[in-house]
1. Calculate, for Glu99 and Glu120, the FRET efficiency according to 1/(1 + (r/R0)^6) with r their C-beta to C-beta distance and R0 22 Å; round to the nearest 0.05.
2. What number comes out for the charge environment of Ile206, summing +1 per Lys or Arg and -1 per Asp or Glu over other residues with Cβ under 12 Å away?
3. Determine the percent antiparallel among the DSSP beta bridges restricted to segment 58-223, to the nearest 5.
4. What is segment 58-223 by shape, rounded, prolate or oblate, if you read a ≥ b ≥ c off the alpha carbon gyration tensor as root eigenvalues and call it rounded for a/c under 1.5, prolate for a/b larger than b/c, and oblate otherwise?
Amino acid sequence: MVIENKLPRSGPWSSPLLWSGLACVLLVALIVVRQFTGGLASADGGSPPLLGQVPEFQLIDQAAEPFGTEQLRSQIWVANFIFTRCPSICPKLTARMAELERRTAALERLHLVSFSVDPEYDTPEVLAEYAAGHGADTRRWSFLTGPLESVKAAIEDGLRISMGRDGEVINVNEVFHGPHFVLVDDRGRIRGYFDVEDPAGFESLIADATLLLGDAGSSERARN
């Protein structure tokens, strides 16, 4: 029995350009889903994908010391974005970062970095108090602030995370920022964005950071 093909032999659905366009859209959608669901390790267990290079930046930390890409060189690092008078999501994100610090205590060369998106209020003194209140080991976990334009450049242009505030903050509810944690390798390359409110995303972050640390160690041993 012959089954007749019901697809039209001509018309808009037969256009090669249309099917090529649909394939491109599906490919972009796959990349976006892969990037933002935490499933960033390759299917064969290889290293996470390369998603961009972080440009040089320098801010100051909770001790009012210069801190930026120079201090993070040759380290794997995880960034998140908070502000100390945040009334909503920031306490959850900071709690997740504190859990990450505990879970990765044995992983040397993994540094945690919290960027304040409200730098005019979050002075080094305010950040130091905030860090102490969350039991942060500031040898491994840095809290960064600085001039607003420098902070925005590091976050938006460098780490590609949105933040919303310009000028003086009148209402803290007007300040917003992306909630994802960003994983960066020892060459300053972005290797993943993770939804840490999702337990699977949080576990993927730990797994990929551990994987990158292993890759970095292997490369260093090879150079020696």
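1. Values: r = 29 Å, r/R0 = 1.31.
So, using R0 = 22 Å, E works out to roughly 0.15.
2. Working: positive: Arg96, Arg102, Arg103; negative: Glu99, Glu101, Glu203, Asp208.
In short, -1.
3. Details: 13 of 24 bridges.
DSSP beta bridges in segment 58-223 are roughly 55 percent antiparallel.
4. Values: a/c = 1.70, a/b = 1.53, b/c = 1.11.
Since a/c reaches 1.5 and a/b is larger than b/c, the shape of segment 58-223 is classed as prolate.
Bear in mind these aren't lab numbers, they're just calculated from the coordinates by the rules spelled out. What you see is a predicted model, and the numbers here were worked out from it, not measured in a lab. When we count neighbours, we look across all protein chains shown, and the Cβ atoms used for this are built from the backbone with ideal geometry, even at glycine.
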